[in-house]
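Read-outs throughout are calculated quantities, based only on the coordinates presented, and are distinct from any laboratory measurement. Model, not experiment: these values are computed from the prediction. Using ideal geometry, Cβ is built from the backbone for each residue, glycine included, and neighbour counts are taken over all protein chains shown.
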Amino acid sequence: MSVLAYLDALRQQLGRCLAWLIDPDKPPTDRHWHRLPELQAAGLGLVLVGGSHVHRAPTPDWLAQLRERTACPVVLFPGSGWQLCAGADALLFLSLISGRNAELLIGQQVAAAPFVEQLQTEVLPTGYLLVDGGRPTSASYLSQTLPLPADKPQLARYTALAGQYLGLRVLYLDVGSGAARTVPPELVAAVHGGTDLPVIVGGGVRRWAEAEQLFTAGAQVVVIGTALEQGFDLG
Ligand code: 1GP
């Protein structure tokens, strides 16, 4: 099954899964691998690799090891074209549709297209919506874009709907890594209820209860990165 078919099936069947975001600058250690069974029992369904501010691209060897150890699809989440690497199951081909920075809407995508063509990896056309998470993050600073206001769920919904009309197949709502708060569940609900696309939500999730709220609001995938580096509490 393709990763897109998997995400579409989650959307249609009201399914949900956790995604573990791995920063290639901080590859997993034994401490993380020991927690893998627990994460899998909690519904780990995807492993994302990448980020907006990383210094090291993944390597094909490293991705191969990851695929051997997890059994979940390994999906690239590249903050820029130089993070592209062969050997993943799929690639989130991102366009920052909440912003008005032409480079991140279409410019870098044009530059990356010849490399993506060579990867022979499933491409997931993904609308990336940066939402205000209470303080500037690497994603907001580096993208030089204004995040969507967290208290304007309809604005987020219409942004997502425009992405759907443009042909995007996946939505990623993000407050950015290490944000002070998560995407508000009301905003997730507006986007989920107002579009037909699978919704990935990430940024600032530190407790299981927060992930549960986002799932209940309509997220198909909740991403956890920083908190897993620091010992996310699944209890
Ligand atoms: C960031 O959505 C991801 O792009 C995950 O954020 O590191 O805060 O979990 P955290």
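Here are a few things to note about the model shown:
- For the chain: relative contact order, % (alpha-carbon pairs under 8 angstrom, 6 or more apart): 19 percent
- Net charge contributed by nearby residues that have their C-beta within less than 14 Å of A156 (K/R +1, D/E -1): -2
- Backbone N within the range 105-146 under 13 Å of label point (7 Å from A86 Cα along the Cβ vector): 115-121
- Cα centroid separation, the range 8-55 to the range 70-128 (Å): 18 Å
- With the simple spin-label model, which puts each label point 7 Å out from Cα in the Cβ direction, the D61 to A41 separation comes to 3.4 nm.
- Neighbourhood net charge (14 Å Cβ-Cβ; Lys/Arg +1, Asp/Glu -1) for G50: -2
- With 0.36 nm allotted per residue and the present C-alpha distance subtracted, the R69-D25 stretch has 14.0 nm of extension available.
- Förster radius 41 Å - calculated FRET efficiency between E186 and A5 (Cβ-Cβ, nearest 0.05): 0.90
- Coordinate range of the alpha-carbon atoms in the range 149-235 per principal axis, descending: 39, 24, 21 Å.
- Projected label points at Q12 and Q164, each 7 Å from Cα along the beta carbon direction, are separated by 1.6 nanometres.
- Sites Q154 and A209, calculated FRET efficiency, Cβ-Cβ separation with R0 25 Å, nearest 0.05: 0.45
- Whole-Å semi-axes of the ellipsoid equivalent to the range 3-229 (Cα gyration tensor, √5λ, descending): 23, 21, 17
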